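Each remark here refers to the structure printed beneath this line.
The values are calculated or read from the model by the stated rules, or taken from the named source; none is laboratory data. Quick caveat: nothing in here was measured; it's all calculated off a predicted structure. Don't worry about glycine lacking a Cβ; one is built from the backbone with ideal geometry, like all the others, and counts go over all protein chains shown.
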Amino acid sequence: MSRRAELEAALAKADADWHRAREELDKAQADRAKANAGWDKIVADRRNADTDRRRPDALWEATFGERRKADVGRRNADPGRRKTDAAFANLAKAIADRDKAYADRSKAETGWAGAEARLNEATAVRNDVIAALDVLKGASKTR
């Protein structure tokens, strides 16, 4: 097989690899945009949340009964306990959602960086093959 045929075969393979890497990068960019949108939603929800800790139904308000009253024991079931449990569950869910969104965003960033590296490598190989083919074409024209 001649040098030209080898280079053309290498160019076809490099082109296919480059197109595959480009598609991977496009998919990674879409995943990254989706993860960033999820993160932005979590941040916006957090900023819009009620931050007044002194509201009457705050989480820490209903934890203990009024200890100055003789009939209230700390071991008795707290009437505001369900409200406290629900507030705690909502807080735990918000924290879990934030952690998941952050992990998804980090994973998408890592995937995007890997896809970009593969595209850069495929581009370099493709450009090297194109340059070698151009040199071969130039050498054949001078003869």
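Just to be sure before I move on: is Ser106 of a type in the set (Ser, Thr, Tyr), part of a helix (DSSP H, G or I) and surrounded by 12 or more Cβ atoms within 10 Å (Cβ to Cβ) in the structure I sent? So Ser106 fits the description; yes. Residues in segment 14-40 that are more than 26 Å from Ala124 (Cβ to Cβ), free of Cβ contacts under 8 Å to residues at least 12 places away in the same chain and not acidic (Asp, Glu): Ala33, Ala37. Looking at this structure, is Phe88 at pLDDT below 70 and among the aromatic types (Phe, Trp, Tyr)? When the stated conditions are applied, Phe88 does not pass them. With respect to (1) of a type outside the set (Lys, Arg); (2) modelled with pLDDT of 95 or more; (3) farther than 13 Å from Asp31 by Cα, the lone exception for Asp97 is condition (2).
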